[in-house]
Structure formats: C-alpha cells, structure tokens
1. If we restrict to alpha carbons, what Rg and Dmax does the chain come to, in Å?
2. How far is helix 2-18 tilted, in degrees, relative to the longest principal axis of the Cα atoms in the chain, given as a value from 0 to 90 rounded to the nearest 10?
3. For Lys162 and Arg137, what is the calculated FRET efficiency with R₀ set at 35 Å and r taken between the beta-carbons, to the nearest 0.05?
4. Helix 49-163 sits at what angle to the longest principal axis of the chain, using alpha carbons and giving 0 to 90 degrees rounded to 10?
5. Using a 10 angstrom Cβ neighbour count of at most 10 plus a DSSP loop assignment to flag exposed chymotrypsin sites (Phe, Trp or Tyr not before Pro), which longest range of the chain is free of such sites?
6. With n ≥ 4 as the cut-off for DSSP H runs, can you work out [θ] at 222 nm for the chain, using -39500 (n - 2.57) per run divided by the number of residues, rounded to the nearest 500?
7. To test your reading of the geometry: what angle, between 0 and 90 degrees and rounded to tens, separates the Cα axis of helix 29-46 from the longest principal axis of the chain?
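All of the numbers you see were taken from the coordinates with simple rules; none came from a lab. Every value quoted in this text rests on a predicted model; they were computed, and no experiment measured them. Cβ: placed from backbone, ideal geometry, glycine included. Neighbour counts: every protein chain shown.
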Amino acid sequence: MRKFLTIALIASGSPALAASGPFFSLANTDFIVLLAFLLFIAVLIYFKVPSMLAGMLDKRAEGIRSELDEARAIREEAQTLLASYERKQQEVKDQSQRIVDHAKEEARIAAESAKKDIEASIARRLAGAEDQIASARAAAVKEVRDRAIVVAVAAAREVIAKQMTEADANRMIDESIATVEAKLH
C-alpha cells in the first residue's frame, strides 16, 4: 500500500515541478490539486478502501475458484456420463448384433426345415402320383381284361350258337338244372 502512495506522490509531483512560481503556495493550482489528491488517498486509507478492495478481489477470486472447481466437477461428471452412455451404446450395439445373428441363424434353420418339408411333400406327392398311375394302370388292365372276356364270351357264344343245335342246347339246359338241383339238395 505504501508503494502505491509513493508512486502516486511521484507521479503527482512531476507536473507540479513544471508550474511557474513558488510551488508551496495556495495560489498554485498544481499544489492544491496535489493536496486534494493526497487528502483523497488519506480518506481512502482511513476508511480502509484498499483492504476492502483487496477483500472484494479475494472474495471474487474465491468465487471464481469455486466456480472453476464446480465446472471441473461438472466436467468430470459429464465425462463419466459420456463414458457410461458410450458403454451402453456399445452394449446395445453388441446386443443388436447378437439379435441379428440369432435371427439369421433362425432364418437359416427355418429355410432348411422348409426345404426338408418341401422335399418330403414332393416325395409324398410323387408317391401318390405313382400310386395313382399304378391304380390307373391296374384299372386299365382290368378293363382290357373285362373287355377281352366280354369279347371272348361273345365270340364263344357266336361260335357255340353256330355249332350247337337245338337238341344240344336243350340237353345242356337239362344237365345244368340237374347239377344245380344236386348241389342245392
């Protein structure tokens, strides 16, 4: 504080030396200004304004320090939250990749199962078609046989009808009746 007064006196004395006439006179305005300035400085020192200013500056410095500490704490908390969110994001990313991989595996298994089902269905249909073909073949063979029998019977009837006389026919009828009577009794 004394350094401040010394510097103030030196600075204020230099213009006073440049004035004309005796310096220590109430007519000299420079001297009056110097006295007023020194009185102002003395009043400031008496009311402890420099210590109040220093206290205010210290208080302001302490406020700034606490704000910096609070900002540092908030920054650390933000970094912690950021790291936490990054971990969670990575976990979600990993989980989504596992879900996609699982879905792909299930799709592959479902595709294989569907392929096997289709192959089994085709095999059943082929077997059914072969059965239908065999059945149709058997029906066609039976129909051909039945027609052959009908044709053979018709041909045999014509041949027998041409070769048989009425007496032979009556004799055969009588033999058939006798055979039926013998079997029934």
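1. 66.4, 196
2. Roughly 60 degrees, rounded to the nearest 10.
3. The formula returns an efficiency of 0.40 here.
4. 10
5. Value returned for the longest uninterrupted segment is 48-185.
6. Value at 222 nm, helices only, nearest 500: -34000 deg cm²/dmol.
7. Taking Cα atoms only, the helix is inclined about 60 degrees.
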